[in-house]
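The values are calculated or read from the model by the stated rules, or taken from the named source; none is laboratory data. Since the structure is predicted, the reported quantities are computational estimates derived from the model, not experimental observations. FYI the Cβ positions are ideal-geometry reconstructions off the backbone, even for glycines, and counts take in every protein chain you see.
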Amino acid sequence: MNPTRTDTPYSLARMKTLALGLLVLAGAVYVVATLLEPRHTAWGYVAAAAEAAMIGALADWFAVVALFRHPLGLPIPHTAIIVANKDRLGAQLARFLGEHFLAAEHVQPRLARWDVASALGHWLAQPEAAHRVGQWLQSATPALLSALDQTPARHWVAQLVQRLLRQLDLATLGGQALAALTAHGHHQQWLNGLLQQLSGWAGQEAVQDKLTDAIARELKELKYLGLDQMAARLATRKLVAALTRTLADVAADPHHELRQRFDGWMLESIQRLQTDPDWQARTALWRDAWLDQPEWKTPIEAWWHELMTTLRADALKPETALAERIATVVQAAGQQLLNDAPLRIWLNTQAQHLLLRLLDNSRETIIEFVAQRVQAWDAHDMSRTLENNIGRDLQFIRINGTLVGALVGLLLHAATQAALVLPVVQGWMG
């Protein structure tokens, strides 16, 4: 235990010497006054005052010493009070701290007067502070990104993505996405592009030859059709040409029947994705089946690794001037905070709620910590430390006890003498 001491040992020793000196002086005066009492009655008053002063000094010395140790080393009951009751005093001190300093009703008024948002805004708006924040973030960014690129971090990111995706209602989201796509006919524009690509691709002579050969070989295998190679090729060529023309017709005609069917299919799909429990259940099953595949995490982890590597390499480049960019953003944020009164009010309210919540959740932990720390202190060291801190003031109790005792002794002796003289005076007068 090594708490800060407010009184030096020298000042405490000086006050002890003063109190002891008054006791010795009272003893000397008592001896002299007792010896001279036969010569004059006034010495009796002095002796009585000195005697009471010694009694008061000794009684208060005993009381003061008994707080910290056994007087004269004697194990007198109810002495060395601080040493004997250290743990109980620590528990009471911790409880007092929790009830009178850490209680929400005492802390909340002080927090209400603390404009943390304005203080933060003023600090961030200073160029020096913004520059320090930028320098710190730039120096800390590579290490932070390296930590985030470790294998456990990549696994955690993949698992987080998996949990988030598993919570998504893909059917409803898909229906909403398709509804947004069809709201202004964007789906038809996409279909146009797809049809034009397919039509152009299928219209190529080489592509038609390949398609014809592939389909003709399949038809030849169907013996029950009775087609030879030549007949199968001619029939297939016509089929491919018809499909190509159909694609071209649909691509060229915005009102084609197939386009209308496509619109109908889209509208039905949108409605069923958002309202049909069967479609929604099947979509959830497909989602979970995909997420349950172990290999799906590999591209997520690879993407995360690539992202962290790119960001770390960019942060390490001196020419990126990352610190300056961060400082500019930080300073602008501080100025914006100073200019936005509603935002400051909101931040102050959130800070108060957060601090009060932390205080409420941590109060018992703080109380227990204080009590345990006091229990861990050495009892005698604690007693000596307390004596060094408050012992100087306690010596005034001894000094005052000496002076008050002398006054009380003088008054009692005077009252006693008056009580003895009064009957004699009354006899003379009678």
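Out of (1) in the same structural domain as Leu412 (by TED's automatic domain parsing); (2) surrounded by 14 or more Cβ atoms within 10 Å (Cβ to Cβ), what's the single condition that is false for Gly90?
Condition (1) is where Gly90 drops out.
Being under 24 Å from Phe396 (Cβ atoms), assigned to a helix (DSSP H, G or I) and not aliphatic (A, V, I, L, M) is the requirement here; does Gly44 meet it?
no
Under 8 Å between Cβ atoms, at least 6 apart or on separate chains: pull out the pairs that start in the range 21-40 with a residue that is surrounded by 14 or more Cβ atoms within 10 Å (Cβ to Cβ) and end on any residue that is modelled with pLDDT of 90 or more and not in a helix (DSSP H, G or I).
Close Cβ pairs satisfying both conditions: none exist.
For the condition assigned to a helix (DSSP H, G or I) and over 30 Å from Asn389 (Cα atoms), what is the one hit in Val64, Val83, Val31?
From the options Val64, Val83, Val31, the qualifying one is Val31.
Scan the range 133-144 for residues that are aliphatic (A, V, I, L, M) and either at pLDDT below 85 or loosely packed, with under 14 Cβ neighbours inside 10 Å (or both) and jot them down.
Hits for the range 133-144 are Leu137, Ala140, Ala143.
Quick one: what pairs do we get from the range 293-305, first residue surrounded by 10 or more Cβ atoms within 10 Å (Cβ to Cβ), second among the hydrophobic types (A, V, I, L, M, F, W, C), C-beta under 6 Å, 6+ apart or different chains?
Lys297/Ala158; Ile300/Ala158; Ile300/Val161; Glu301/Ala158; Trp304/Val157
Those residues that are loosely packed, with under 10 Cβ neighbours inside 10 Å and touching a residue at least 60 places away in the same chain (Cβ under 8 Å), I need them from the range 251-281; list them, please.
Answer for the range 251-281, where residues must be loosely packed, with under 10 Cβ neighbours inside 10 Å and touching a residue at least 60 places away in the same chain (Cβ under 8 Å): there is none.
Taking the condition of being touching a residue at least 40 places away in the same chain (Cβ under 8 Å) and part of a helix (DSSP H, G or I), how many residues in the range 93-128 meet it?
Selection size over the range 93-128: 20.
Looking at (1) without any contact (Cβ under 8 Å) to a residue 12 or more places away in the chain; (2) closer than 14 Å to Ser139 by Cα; (3) not acidic (Asp, Glu), find the lone condition where Leu311 falls short.
Of (1) without any contact (Cβ under 8 Å) to a residue 12 or more places away in the chain; (2) closer than 14 Å to Ser139 by Cα; (3) not acidic (Asp, Glu), only one is false for Leu311: (1).
Filter the range 287-306 down to residues that are over 13 Å from Asp149 (Cβ atoms) and of a type in the set (A, V, I, L, M) and give me whichever is modelled with the lowest pLDDT.
Step by step, filter the range 287-306, then rank; the result is Leu291.
Take Glu128 and decide whether it is loosely packed, with under 15 Cβ neighbours inside 10 Å, among the charged types (D, E, K, R) and either modelled with pLDDT under 85 or touching a Phe, Trp or Tyr at 6+ places or on another chain (Cβ under 8 Å) (or both).
no
Just a yes or no: is a residue in the range 320-332 of a type in the set (S, T, N, Q), under 28 Å from Trp136 (Cβ atoms) and in contact (Cβ under 8 Å) with a residue 12 or more places away in the chain?
Yes, because at least one residue in the range 320-332 is of a type in the set (S, T, N, Q), under 28 Å from Trp136 (Cβ atoms) and in contact (Cβ under 8 Å) with a residue 12 or more places away in the chain.
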